[in-house]
1. Would you mention how many residues in the range 196-211 are within 17 Å of residue 91 (Cβ to Cβ) and exposed (fewer than 15 other Cβ atoms within 10 Å of the Cβ)?
2. State which residue is nearest to the chain's Cα centre (by Cα) when the search covers only the range 308-325 and only residues that are part of a helix (DSSP H, G or I), at pLDDT 80 or above and loosely packed, with under 14 Cβ neighbours inside 10 Å.
3. Taking the condition in contact with a strand residue (DSSP E or B) (Cβ under 7 Å, 6 or more places away or on another chain) and either not assigned by TED's automatic domain parsing to the domain that holds residue 154 or not in a loop (DSSP other than H, G, I, E, B) (or both), does residue 248 pass?
4. Can you name the number of the only condition in (1) within 29 Å of the chain's Cα centre (by Cα); (2) over 16 Å from residue 217 (Cβ atoms) that residue 121 fails?
5. Kindly provide the set of residues from the range 251-260 that are in a loop (DSSP other than H, G, I, E, B) and without any contact (Cβ under 8 Å) to a residue 60 or more places away in the chain, ordered by number.
6. Is at least one residue of the range 141-158 free of Cβ contacts under 8 Å to residues at least 24 places away in the same chain and closer than 14 Å to residue 185 by Cα?
7. Being at pLDDT 85 or above, closer than 30 Å to residue 41 by Cα and in a helix (DSSP H, G or I) is the requirement here; does residue 339 meet it?
């Protein structure tokens, strides 16, 4: 028997029991669909995280004051009183070979008002370098100037969410708004960034000179800041930048060698690695569950093929009697198993892609389907059929034709 004839015989055998063949493929379909959907959602989520983290800043490094502890209660990073705007100015002045931009940051939540409308939102006091550091753009008007920053001018730029809730369709540039009980002039509108990885709306923000926020909104007599945002010239110098920033801050804060740092540094690389590790772990766990489904599907194929061998004992004996070799019989049953698994794999790929897109639309999750992953999943389904179908095919090829013809 030639290969084409063997393939036709195998196809007819599968077609004779359509329902049983479909049920046999079901485990493979579920397994492959689960693998495709999990990989598409996982890779899409990872891509979104990388994009969102990149939008946080350009070669971003963040420095926070020490954690403040009150008994057993920790105030968290950024709640300390050890860092000042002078520290940011010193870093910008003394480390120009490593740092291209530095912005002190203070923040406060206030009631915002314009006309009869009000909105509770976040005010960030920053410097003009924040545009470079955090990849912000101004789509209307302008950003405040260094001169306005120096004299603590009551000017601000608003995010698109604040604009929509306070100004509707009105152009806010040149208008005034009240932050807490102080009047600020709107000089610009920030470009939209959307929500970040934690679901926080980045456009629900008002930015003003940090000097003005300290003086008029925080009523602070000190020059303390909540954090510093640094933009490095290149992330290749990250370790060196951490060392030199730490050395400069320790010197400015008069820390002895035996004293711990009173500040903490974070960078987007750490955040990306952490999120990537969690995403990878979840993908591995879900893929393991899908692999179990494939294992169950493979066992189902083996069981059905063993039943098929038993049902077709006389057919096996007859084929051997007219000249079929054990290799022909083995190839016939092996092709049946592979055909079942590959058909199941093809249907599983289609179901997985459709399922991933459906979940993405319903949940609003990003979906990234790679051609390579679908090809690998399809080839893996063929390997499952080959692996689990080999034993039944081998058992069929070892039958004695005389015993087969006598079988009742």
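The values are calculated or read from the model by the stated rules, or taken from the named source; none is laboratory data. All figures in this text were calculated on a predicted structure; none of them were measured in a lab. Cβ: placed from backbone, ideal geometry, glycine included. Neighbour counts: every protein chain shown.
1. The initial filter retains those residues of the range 196-211 that are within 17 Å of residue 91 (Cβ to Cβ), namely 210.
Now restrict to residues that are exposed (fewer than 15 other Cβ atoms within 10 Å of the Cβ): none.
The qualifying residues number 0.
2. 310
3. Numbers: in contact with a strand residue (DSSP E or B) (Cβ under 7 Å, 6 or more places away or on another chain): no; either not assigned by TED's automatic domain parsing to the domain that holds residue 154 or not in a loop (DSSP other than H, G, I, E, B) (or both): yes.
In short, no.
4. (2)
5. Here is the first cut: in the range 251-260, the ones in a loop (DSSP other than H, G, I, E, B) are 253-260.
Scanning the range 251-260 gives 254, 255, 256, 257, 258, 259, 260.
6. Yes, there is a match, as at least one residue in the range 141-158 is free of Cβ contacts under 8 Å to residues at least 24 places away in the same chain and closer than 14 Å to residue 185 by Cα.
7. Numbers: at pLDDT 85 or above: no; closer than 30 Å to residue 41 by Cα: yes; in a helix (DSSP H, G or I): yes.
Criteria not met by residue 339.
Conditions tested, residue by residue: (1) surrounded by fewer than 18 Cβ atoms within 10 Å (Cβ to Cβ); (2) over 20 Å from residue 300 (Cβ atoms); (3) in contact (Cβ under 8 Å) with a residue 24 or more places away in the chain.
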{"position": "345", "(1), (2), (3)": "no, no, yes"}
{"position": "348", "(1), (2), (3)": "no, no, yes"}
{"position": "352", "(1), (2), (3)": "no, no, yes"}
{"position": "358", "(1), (2), (3)": "yes, yes, no"}
{"position": "362", "(1), (2), (3)": "yes, yes, no"}
{"position": "367", "(1), (2), (3)": "no, yes, yes"}
{"position": "370", "(1), (2), (3)": "yes, yes, yes"}
{"position": "375", "(1), (2), (3)": "yes, yes, no"}
{"position": "381", "(1), (2), (3)": "no, no, yes"}
